[in-house]
Every structure is written in C-alpha cells, then in structure tokens.
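The values are calculated or read from the model by the stated rules, or taken from the named source; none is laboratory data. Quick caveat, the model's predicted, so the values are computed rather than measured. Quick reminder, even Gly has a Cβ in these numbers, built from the backbone with ideal geometry, and neighbours come from all protein chains shown. Just the protein is used for accessible areas: all its heavy atoms, side chains included, with ligands, DNA and RNA removed. Shrake-Rupley method; radii C 1.70, N 1.55, O 1.52, S 1.80 Å.
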Amino acid sequence: MAVDVDDGAGGGRVEAANGRLTALASGMAIPYGGDRVAYVSPALAQAFQAGDRLVVVQDSGDLLHVPAAVQALADRAVGRAHDAFQKMGAVSDAAITAFFDAFAGRLADDGVWTAIGAANAADVTRAQERGRSTTRLSVSPAMRADMIAGLRAWRDAPAARGKVLETVTHEGWSVDQVMAPLGVTGFVFEGRPNVFADATGVLRTGNTVVFRIGSDALGTARAIVEHALDPALAQAGLPPGAAALVDSAEHAAGWAMFSDQRLALAVAR
C-alpha cells in the first residue's frame, strides 16, 4: 500500500510504499551523522524512481543515487562472490595454485591476448574520442608481462590459510593466532586493466573478490573475464563467481557495491 509521507522540511510530500521510498521531493530533509541534515536537490528528486536506492554518506551528507538496474548488477556480482566464499573452505590450496597458473597461462596465450587486445583497442579509441587520458588504459606488452608475472608470483606464494602466526602459552592452556580468510573483498579502480591480476591475489588466502572498473576500461575487463578469468576459475575447479565483475559503467555501481553489507573489505585504487 502506498502512502504520502510529509517530509517535514517544507519540500512537498514524498511517496512511500510498504516502508520504502518510491519517490523523493525536492528539498526533502535527510538526516545524517546523527545530528545533521542534507536536502534533496531538484535534480535528484526528478531522477529518483521507484526501486532506486539512496545511499547517504554519513560523514559528508552526500546523497548518492543508485538506479534499480545498477543496484541489481552490483547485488548479483557481490552475491556470486559471497556464495563462492561459502565454498572456498572446501577448495584445496593446490586448486588455488592451479587457478593462478591457468590465469597466467591464458594471458600468455597469443590467441587469448589477441581478443583482449582488440577489446582494449576499442576502449582506447572511445576514450580518445572523449578526450580522456589513455596512459594507464592501453594494455601494452609490458603490462601483459607484469600481469603474467604477478599471477605467477601468487601461484608460487606459500599457502597461508590456517597458518599459526603466534601462540600465547599459559600454564595449562594456550591460544593460537591463526590466519583465516576475511570474506568478500571489493575493488574499485579506474581504467587500469592490470588491477585484475593484482586483485585476484586475495584468492590465495581463501577470500573472494568483486571488481568494479571505470567505464573507459569496461570492454577490456569484459574480455579478460570471458577469455581468461572465468575459464581459469573453471579449469582449476574454483567456485563460479570467486572473482566477479560488476558489469556496469556507472559510478553508482561502485556506491552500490561498497554499501553492500556482505563485503568484508573494500579497496579503492
């Protein structure tokens, strides 16, 4: 059932249904930080639709609009990574090693790299047409070599899950500090395809990862996922979604991802 709720700020009335906002009114007061108030702008009020989300930054009062379609994409990617994390405890360290080896091997395959390079060339062209810098966007031979080397370094890194870091001993009992996975790690990065290789390193310790990349490099990211990342996960027997892309060019996708309570750690690069 839909009801009209007075926003209390003289900014008109806002529609709510079943306890959820379905529209915003210009000038509506939004509390934040415990004792402060931000106000809905006319542009935000006009753009907000039923099913959208409003993320309130508690430090600054910034009101971030997440369209429903973008929220759904982020929910799906984080959900896949979360489901995969529940299964990672049954995945052997040898399988994780095999994933890094397979991922590196696919990037080293010239046929695979040709497909990734073609997607990247299209990204670079679009970025140049928009007057954007492509310094870190172009997947050069040096970047390819660095990605492969990074993945092989993770392949060769010693397994650390369950490693005892410290033991505190008392008379009759002791306590071990043991390395254990955190959960789903979220990465947001702009126009740097090589971060894909860097960020998958969290799988070494049994975590999973979800990515959001800037719009300039989204085509390249899709190609890496299709031709290298997903096949490597499947080849090694890791759970689908253990490394998942939020397939959206919208900044709101990052806001949606970082506000998801299922993330254990968020990293912006």
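Taking segment 240-263 as the range and being open to solvent by 10 Å² or more (accessible area, probe 1.4 Å) and not small (G, A, S) as the test, the residues that pass are P240, L245, D247, E250, H251, W255, F258, D260, Q261, R262, L263. Scanning segment 159-215 for residues that are closer than 22 Å to I96 by Cα, open to solvent by less than 20 Å² (accessible area, probe 1.4 Å) and in a loop (DSSP other than H, G, I, E, B) turns up A160, G183, P193, G206, N207. Of all residues in segment 147-158, those satisfying the criterion of being open to solvent by less than 70 Å² (accessible area, probe 1.4 Å) and assigned to a helix (DSSP H, G or I) are M147, I148, A149, G150, L151, A153, R155. Residue check: D62 meets all listed conditions (1) touching a Lys or Arg at 6+ places or on another chain (Cβ under 7 Å); (2) surrounded by fewer than 19 Cβ atoms within 10 Å (Cβ to Cβ) but one, namely (1).
Selection of segment 218-238 for residues being outside any helix (DSSP H, G or I) and surrounded by fewer than 20 Cβ atoms within 10 Å (Cβ to Cβ) yields only G237.
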